[in-house]
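For reference, the structure discussed in these notes is given below.
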Amino acid sequence: MTRRIPLRKRLLVRLLITSVLIAVCSVAATAWLAVETATRALREEQGQVIAEDMDVLARLSGYAATHSDWRGVEKTVRELSARTGRRIALTTTDRTAIADSAPAGTSLPPRAAATVDPLHIDTYTERGAQRAGVDPRVVGPYRVTDEERAKLEKLADTRQRCFARNGYEAVVVQTPSGRPVVTDHDGPVASGVVPDECADGLLNTTTPTENKALSDRAKKCLDRRGLNPGSQPFVTVDVTEKRLGTRYLLGKTKGTDDRTAVQEADRCVDEARRAQLDPYVAPVAELFLGGGDTTAVRFDMSPANKAKVVGAAGLVLAVTVAVTAVVATRLVRPLRALTEAAQQPPELHARVPVTTRDETGILAAAFNELAERRERLEAQRKAMVSDVAHELRTPLTNIRGWLEVTRDGVVDPDPALLASLHEEALVLQRVIDDLQDLAAADAGTLRLHREPVRVDELLHQVAAAHRVAADTAGVALRTTADGTPWLDADPVRMRQALGNLVSNALRHTPAGGTVTLAARRDGDDVVLDVTDTGTGIAAEDLPYVFDRFWRAEKSRSRRTGGSGLGLPIVRHLVAAHGGTAGAASEPGAGSVFSLRLPAAAPPS
């Protein structure tokens with residue numbers, strides 16, 4: 001009865017599911033990898049573009065800080081454009097072109113990237129850059145004189161040595177106005193903590209030039225706001241920023257604690273300073289950068305690209321499923337044939353067509369070979385039962401017949417009759433012994449008592465045991481040995497094997513013929529040959545000479561053949577010793593039976 005396989009356990013279904021999962025995972029992994037790679041690349045490019053934008057803005061702001069107008073800026077714009085590979089355009093606030101790296105007539109981007117104003121560098125750009133205050137490169141009337149710079153440099157040198165005595169490595173930096181600044185970058189100056197010995201305040205004191213530049217304008221603003229009009233602003237340097245510069249603050253008035261008043265004074269100083277510096281800087285300009293927006297980037301595919309990805313994924317999936325279905329069908333078809341053939345009754349001996357040369361084809365061929373072997377074994381089993389019955393029936397029938405006629409008084413039990421009955425009993429005994437040996441060999445319980453055996457002596461012993469039978473048949477029995485090879489074998493079993501071959505050769509060799517026992521060394525083996533000059537065996541019968549109960553004489557005459565168990569016993573005995581048995585023959589020219597056994601070293 002054919003068992004129905006559940007759908008989920010069918011090989012075809014499992015192959016299809018596996019292929020679908022592999023295809024889906026492959027497509028998903030590829031898409032994810034492409035998106036992540038593109039996103040990472042765009043983010044890296046965005047960071048690079050922001051850095052370039054900051055540099056462009058800083059260069060143009062520096063130009064505006066050191067020039068009273070934009071004349072001559074075209075060269076700087078073109079240099080920056082060539083270095084960054086992008087379009088750079090400067091316009092006035094009303095979009096009048098100042099300088100542009102693009103050809104004339106090229107339209108501007110919809111929005112400006114940043115505003116270039118060195119007096120208000122607190123512009124938040126579209127690239128994400130943000131700065132605050134006045135560009136430190138704007139000097140105007142605040143540049144100190146050479147005499148003032150020399151005094152300040154001496155004070156800076158004194159403070160640098162003071163820092164060194166307190167264990168800090170400080171450096172002197174020149175600001176654009178000519179004022180020196182002592183900084184140790186990430187040390188106490190940057191953190192706002194200065195050793196008391198070094199905090200003399202002399203280096204931060206304003207010079208007459210700086211006081212004169214800011215004093216009048218700042219006092220007017222302070223007067224308007226009702227703050228202390230008699231205070232003088234002084235100079236401090238903000239070293240916590242990457243760009244060093246000068247910042248003017250209101251000096252602390254005696255008795256003033258109000259934070260709001262200080263903040264208002266700060267604004268007055270900033271307003272006064274910007275108003276005073278305005279004639280020295282270029283007008284406010286708009287900066288346009290080519291390349292489009294690079295705001296926070298996340299790679300999102302357009303509907304068209306999504307459709308392409310989905311279409312490609314669907315195509316890959318469809319092709320995968322189709323190919324898998326074809327391959328799986330070709331794989332499953334012979335497996336189904338094998339299953340159907342295996343489920344047939346044994347007597348049908350079904351065969352499977354071998355249509356491929358892959359593993360399935362090999363399996364089908366092995367199945368057919370197994371079926372043939374089973375068929376052959378079944379035929380041998382039936383033949384063996386018939387042969388055993390025949391071999392036992394003949395002597396039993398003779399014994400029964402003679403005993404019945406003797407019981408009825410027809411024949412007297414004389415010595416000749418008793419001898420005939422004894423011979424028939426011996427035939428039965430030999431058949432039973434042979435069957436017992438074969439059964440032990442089949443069960444793997446055939447016992448061997450190994451010992452060193454000299455081959456030439458073994459041949460002489462076998463020849464001596466069959467000398468009388470050979471003389472009676474008129475057949476010459478000879479032995480020959482090439483050297484003195486040795487075997488590690490059971491001498492009794494080896495005499496039995498050679499004796500069966502000699503008995504078989506004498507039976508099929510006519511009078512005047514010759515039977516020869518020979519031994520020779522062949523590499524690591526010893527070869528024992530039993531050669532006769534008998535009738536020989538037909539080529540089509542040679543493959544079956546070692547089968548049980550097989551006889552070349554199909555009539556099963558006991559005159560021309562024995563029980564049919566001698567040669568199978570020889571094969572099993574030799575196999576138990578780790579050797580092989582073979583036969584070669586030519587009709588009318590005799591036969592050669594060869595036993596090949598592992599050689600042994602001579603005993604010491």
Flagged pairs (Cβ under 7 angstrom, 6 or more apart or on separate chains; first in region 154-183, under 13 Å from Asn204 (Cβ atoms); second among the basic types (Lys, Arg)) are Val182/Arg159
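Condition check ((1) modelled with pLDDT of 70 or more; (2) open to solvent by 60 Å² or more (accessible area, probe 1.4 Å); (3) among the aromatic types (Phe, Trp, Tyr); (4) under 30 Å from Ala102 (Cα atoms)) across all residues:
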{"residue": "Leu287", "(1), (2), (3), (4)": "yes, no, no, yes"}
{"residue": "Asp293", "(1), (2), (3), (4)": "no, yes, no, yes"}
{"residue": "Ala296", "(1), (2), (3), (4)": "no, yes, no, yes"}
{"residue": "Lys306", "(1), (2), (3), (4)": "no, yes, no, no"}
{"residue": "Gly311", "(1), (2), (3), (4)": "yes, no, no, no"}
{"residue": "Ala325", "(1), (2), (3), (4)": "yes, no, no, no"}
{"residue": "Arg330", "(1), (2), (3), (4)": "yes, yes, no, no"}
{"residue": "Arg336", "(1), (2), (3), (4)": "yes, yes, no, no"}
{"residue": "Ala341", "(1), (2), (3), (4)": "yes, no, no, no"}
Please indicate, with yes or no, whether at least one residue in region 584-593 is open to solvent by 60 Å² or more (accessible area, probe 1.4 Å), under 28 Å from Glu451 (Cβ atoms) and either at pLDDT 90 or above or not in a helix (DSSP H, G or I) (or both).
no
With the first residue restricted to region 399-410 and required to be free of Cβ contacts under 8 Å to residues at least 40 places away in the same chain, and the second required to be charged (D, E, K, R), Cβ contacts under 9 Å at 6 or more apart or on different chains are Ile399/Glu424; Trp402/Glu424; Thr406/Asp412; Val410/Glu404
Ala265 meets each of (1) surrounded by 14 or more Cβ atoms within 10 Å (Cβ to Cβ); (2) modelled with pLDDT of 75 or more with one exception, condition (2)
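Give Arg161, Arg111 a once-over and let me know the one that is part of a loop (DSSP other than H, G, I, E, B), open to solvent by 60 Å² or more (accessible area, probe 1.4 Å) and at pLDDT 85 or above.
Numbers: Arg161 fails: part of a loop (DSSP other than H, G, I, E, B).
Step by step, each of Arg161, Arg111 is checked, and only Arg111 is part of a loop (DSSP other than H, G, I, E, B), open to solvent by 60 Å² or more (accessible area, probe 1.4 Å) and at pLDDT 85 or above.
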Looking at region 84-98, which of the residues that are among the hydroxyl-bearing types (Ser, Thr, Tyr) and at pLDDT 85 or above is least open to solvent (accessible area, probe 1.4 Å)?
Thr91
Tell me yes or no: at least one residue of region 457-466 is of a type outside the set (Gly, Ala, Ser) and in contact with a Phe, Trp or Tyr (Cβ under 6 Å, 6 or more places away or on another chain).
no
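Conditions (1) more than 30 Å from Leu335 (Cα to Cα); (2) loosely packed, with under 15 Cβ neighbours inside 10 Å; (3) β-branched (Val, Ile, Thr), marked per residue:
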position: Val24; (1), (2), (3): no, yes, yes
position: Ala28; (1), (2), (3): yes, yes, no
position: Ala31; (1), (2), (3): yes, no, no
position: Arg40; (1), (2), (3): yes, yes, no
position: Leu57; (1), (2), (3): yes, no, no
position: Gly72; (1), (2), (3): yes, yes, no
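The values are calculated or read from the model by the stated rules, or taken from the named source; none is laboratory data. In this text the structure is predicted, and so the values were computed from the model without any measurement. Note that each Cβ is placed from the backbone with ideal geometry, even for glycine, and that neighbours are counted across all protein chains shown. These accessible areas exclude ligands, DNA and RNA; they are computed on the full protein's heavy atoms, side chains included. Shrake-Rupley method; radii C 1.70, N 1.55, O 1.52, S 1.80 Å.
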